[in-house]
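Participant: This is the structure I have questions about; it appears just below.
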Amino acid sequence: MTPDLRLQVSIDDQLLHVFQGDRLLRSFPVSTAAKGIGCQAGSHRTPTGNFRIAEKIGADAPAGTIFRARQPVGLWEKDITSNDDLILSRVLRLEGLDSENANTLDRFIYLHGTNREDLLGTPSSHGCVRLSNADIIELFDLVEPGVPLTIHPPVRSRGKIAFFDCDSTLSTIEGIDELARARGEVVFQKVVALTDAAMNGEIALDEVFPRRMEIIRPDKETCDAVARLYCETVTPGTPELISRLKAEGWTPVIVSGGFAPLIEPLARQLGIDHIEAVPLYLNGNGEYAGYGQDYPTTRNGGKNEIVREWKAALLPERVILTGDGASDLETYPDVDLFIGFGGVVQRPKVLAGADLWIEKMADFQADTLRRDQA
């Protein structure tokens, strides 16, 4: 080990620098989180601030060893392509030294080798700092527990974010209504009325959510059926739009008051990597066991919270949101452009408040329209 070492990670440059005093010894390309920076547990974001190396794991392991729960479980086969976020070769576990990042040890944030060496130099991890397998082995041999590390937050804007509501926007259905339909016509009509009232801004979301779920109590079979229905009812032009936006440098994000497990197959089908939607819980028998009652999109203003978190995490150059409901329109102050979508349901309040109103995804504009031109 070289004495008096300190490490620095630049989110902007996607580099880890090794210093001895003021002398730069080595620089390694890294990948920090695709979702940007953040210290919240479960956020899949890279924490920033001051840290120290808390633990070294894997000193005698062969290069390419796969670690799960910090235990070796096998060897990575380099010829097998996988999008899994594997932890390979060596693990340097981090401890946060600031009040904001004090939960880093409990979040299991590491410096580690990766199976996605092709993505080094770009933010693509699930929160950890990835290095190539050769580089993490070299770094591992240089440092000991206690070596300080600073992760510098970004100062340069990066990319553009296109938020999309899901129900009656990316898909022609309202998932909650379809869950209710399986419970019979009486339940269906009650839930539809509550959903419409919420989307029209007549009833607060945090009042509607528990009332609907206590009526429905969906099981696994019903959830799986609605997940398939999402995939079968994509609004015309949406796959082409998402492909075009990604090619133009946009990061599409689904932000929904629907349920994440039901929306995930649709997101995969559309090539959308990021979903902000409500957790749904089933027990071992596939019976309803509750939902994420504290998740932001279960309440009015919750989508604004998520938009602001993403903006703070990525410092995007431009942020837009497209949706059909009152909870989408609420985000107007936090986005650069709000696009009201009326291709499935037309809500007068959303039509009146939108910067741009479209009824076909083919009419979607992002880079060509600014709020002062709307």
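The values are calculated or read from the model by the stated rules, or taken from the named source; none is laboratory data. It should be emphasised that the depicted structure is a prediction, and the values quoted were computed from it without experimental measurement. Backbone-built Cβ (ideal geometry, glycine too); neighbour counts: all protein chains shown.
Participant: Restricting attention to the range 137-148, does a residue exist that is part of a strand (DSSP E or B) and surrounded by fewer than 24 Cβ atoms within 10 Å (Cβ to Cβ)?
Facilitator: yes
Participant: SER256 passes all but one of (1) closer than 23 Å to ARG183 by Cα; (2) touching a Phe, Trp or Tyr at 6+ places or on another chain (Cβ under 7 Å); (3) part of a strand (DSSP E or B); which number fails?
Facilitator: Here SER256 meets the rest and fails (2).
Participant: Right, something else. State all residues of the range 298-357 that are in contact (Cβ under 8 Å) with a residue 60 or more places away in the chain and aromatic (Phe, Trp, Tyr); if no residue qualifies, say none.
Facilitator: TRP310, PHE341 - these are the residues of the range 298-357 that are in contact (Cβ under 8 Å) with a residue 60 or more places away in the chain and aromatic (Phe, Trp, Tyr).
Participant: Could you please find all residues in the range 250-267 being without any contact (Cβ under 8 Å) to a residue 60 or more places away in the chain, touching a Cys at 6+ places or on another chain (Cβ under 9 Å) and either surrounded by 18 or more Cβ atoms within 10 Å (Cβ to Cβ) or more than 13 Å from CYS223 (Cβ to Cβ) (or both)?
Facilitator: Across the range 250-267, the qualifying residues are PRO261, ALA267.
Participant: Can you find a residue that is part of a loop (DSSP other than H, G, I, E, B), in the same structural domain as LYS349 (by TED's automatic domain parsing), modelled with pLDDT under 95 and at negative phi anywhere in the range 165-174?
Facilitator: yes
Participant: Further question on the same structure: If a residue has to be more than 21 Å from the chain's Cα centre (by Cα) and not β-branched (Val, Ile, Thr) to count, how many in the range 232-249 make the cut?
Facilitator: Qualifying residue count, the range 232-249: 4.
Participant: Quick one: which strands (runs of 3 or more DSSP E) lie wholly within the range 1-47 and hold at least 1 residues that are in contact (Cβ under 8 Å) with a residue 12 or more places away in the chain, of a type in the set (Phe, Trp, Tyr) and within 19 Å of PRO148 (Cβ to Cβ)?
Facilitator: Result: 15-20, 23-29.
Participant: If you don't mind, another one. List every residue pair whose Cβ atoms lie under 7 Å apart, where the two residues are 6 or more positions apart in sequence or sit on different chains, the first residue falls within the range 48-66 and is acidic (Asp, Glu), and the second residue, located anywhere, is surrounded by fewer than 17 Cβ atoms within 10 Å (Cβ to Cβ).
Facilitator: Hits for this filter: GLU55/PRO145.
Participant: Let me ask something else. Just name the residue that is nearest to the chain's Cα centre (by Cα) out of those in the range 36-50 that are surrounded by 22 or more Cβ atoms within 10 Å (Cβ to Cβ) and within 13 Å of PHE108 (Cα to Cα).
Facilitator: Ranking the candidates gives ARG45 first.
Participant: Also, I was wondering about something else. Looking only at the range 327-359, how many residues end up being of a type in the set (A, V, I, L, M, F, W, C) and in contact with a Lys or Arg (Cβ under 6 Å, 6 or more places away or on another chain)?
Facilitator: So the answer is 1.
Participant: For LEU315, all conditions in the list (1) at positive phi; (2) at pLDDT below 95 hold save one; what is the number of the exception?
Facilitator: The one condition LEU315 does not meet is (2).
Participant: I've got another one for you. Which members of the range 199-240 meet the condition of being crowded, with 17+ Cβ neighbours inside 10 Å, under 28 Å from GLN365 (Cβ atoms) and not β-branched (Val, Ile, Thr)?
Facilitator: Matches in the range 199-240: MET199, GLY201, TYR230.
Participant: For the range 324-374, which residues satisfy the criterion of being modelled with pLDDT under 95, in a helix (DSSP H, G or I) and touching a strand residue (DSSP E or B) at 6+ places or on another chain (Cβ under 6 Å)?
Facilitator: Answer for the range 324-374, where residues must be modelled with pLDDT under 95, in a helix (DSSP H, G or I) and touching a strand residue (DSSP E or B) at 6+ places or on another chain (Cβ under 6 Å): just ARG371.
Participant: Please determine, by comparing only the residues of the range 177-220 that are in contact with a strand residue (DSSP E or B) (Cβ under 7 Å, 6 or more places away or on another chain) and among the aliphatic types (A, V, I, L, M), which one is nearest to SER327 (Cα to Cα).
Facilitator: That would be LEU205.
Participant: Report, by residue number, each residue of the range 108-127 that is among the charged types (D, E, K, R) and within 19 Å of the chain's Cα centre (by Cα).
Facilitator: ARG116
Participant: Checking PHE108 against (1) in contact with a Gly (Cβ under 7 Å, 6 or more places away or on another chain); (2) on the phi > 0 side of the Ramachandran plot: exactly one of these is not met. Which one?
Facilitator: Result: PHE108 fails condition (1) only.
Participant: Return the residue satisfying two criteria in turn: it lies in the range 41-67 and is charged (D, E, K, R) and in contact with a Gly (Cβ under 9 Å, 6 or more places away or on another chain), and of such residues it is farthest from GLU138 (Cα to Cα).
Facilitator: ARG45
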